[in-house]
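The values are calculated or read from the model by the stated rules, or taken from the named source; none is laboratory data. Since the structure is predicted, the reported quantities are computational estimates derived from the model, not experimental observations. Here the Cβ positions follow ideal geometry from the backbone for every residue, glycine too, while neighbour counts run over all protein chains shown.
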């Protein structure tokens with residue numbers, strides 16, 4: 001991250017919100033923070049919010065990149081706005097998650113190869129305000145799909161392009177302190193399949209799963225429809241993939257009062273849908289076609305906020 005002045009290191013006066021976006025990070029006073037987005041598609045690329053982290057002035061923040069590196073530092077070290085380059089990331093490296101550090105919690109990471117790793121916050125032996133490897137990647141094309149700071153009661157889900165999903169307790173994953181450790185198998189991929197999404201989250205009675213197909217079919221499914229299984233299996237059906245729907249493109253878990261769903265494209269466009277407007281469907285069904293980007297663009301992600 002670029003050189004920080006003493007003024008930037010000042011402890012914020014009140015609660016803050018850290019927004020991880022598709023271009024970098026933003027930090028704002030919680031009292032004046034808002035992320036108002038019009039429903040429907042954008043006509044040009046936008047800076048879309050991927051994650052909101054509420055933080056107190058004295059908190060320590062953790063940021064994790066898709067290349068398996070992490071940065072930790074006091075809240076005051078984060079500028080009001082910074083691009084990936086400003087943060088010190090390499091070309092092609094982006095933020096994929098993070099959290100507010102708290103004793104007794106764990107950092108849980110999942111990779112595109114299907115591995116999951118859990119680290120005790122007390123075992124994060126990283127120097128302050130510098131990037132360090134935090135997980136070993138299985139191969140050259142592997143990357144971190146998700147990273148979150150969660151409790152011992154958290155759960156993990158993985159979603160595949162072929163319509164499979166697995167849900168298991170994060171506690172099944174023994175903590176590893178070695179930075180280069182790759183974790184353990186979270187989902188066993190079939191040879192013709194690949195992972196497209198995942199999450200570590202705190203389950204709740206009203207939690208829902210939002211799934212988007214490559215052709216723009218969208219649905220939400222109560223989390224309860226996905227059985228809690230042992231890690232390392234092939235999972236259960238999450239969406240009926242057909243020629244019309246195309247493969248699964250993205251998925252997200254809606255918890256904690258999420259109100260909206262943003263579908264993001266490879267070219268940086270965003271389509272905002274109120275969460276309440278998404279059809280509730282059985283996990284085996286395909287949902288409804290609600291999103292349609294240009295023929296030369298593809299679905300890349302979905303976010304619930």
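Out of 64, 156, one residue alone is in contact with a helix residue (DSSP H, G or I) (Cβ under 9 Å, 6 or more places away or on another chain), closer than 25 Å to residue 194 by Cα and in a strand (DSSP E or B). It is 156. Among the numbered conditions (1) over 20 Å from residue 66 (Cβ atoms); (2) modelled with pLDDT of 95 or more; (3) not in a strand (DSSP E or B), the only one that residue 166 does not meet is (3). For residue 88, the conditions (1) in contact (Cβ under 8 Å) with a residue 40 or more places away in the chain; (2) over 18 Å from residue 54 (Cα atoms); (3) surrounded by fewer than 19 Cβ atoms within 10 Å (Cβ to Cβ); (4) within 19 Å of the chain's Cα centre (by Cα) all hold with the exception of (4). On the stretch given as the stretch 132-166, residues that are surrounded by fewer than 22 Cβ atoms within 10 Å (Cβ to Cβ) and either within 19 Å of the chain's Cα centre (by Cα) or within 23 Å of residue 204 (Cα to Cα) (or both) total 12.
The lone criterion from (1) at pLDDT 95 or above; (2) assigned to a loop (DSSP other than H, G, I, E, B); (3) surrounded by fewer than 17 Cβ atoms within 10 Å (Cβ to Cβ) left unmet by residue 224 is number (2). It is to be established whether one or more residues within the stretch 177-191 are surrounded by 23 or more Cβ atoms within 10 Å (Cβ to Cβ), touching a residue at least 60 places away in the same chain (Cβ under 8 Å) and not in a loop (DSSP other than H, G, I, E, B). So far as the stretch 177-191 goes, no, none of its residues is surrounded by 23 or more Cβ atoms within 10 Å (Cβ to Cβ), touching a residue at least 60 places away in the same chain (Cβ under 8 Å) and not in a loop (DSSP other than H, G, I, E, B). Scanning the stretch 82-91 turns up at least one residue that is assigned to a strand (DSSP E or B), touching a strand residue (DSSP E or B) at 6+ places or on another chain (Cβ under 9 Å) and more than 30 Å from residue 190 (Cβ to Cβ).
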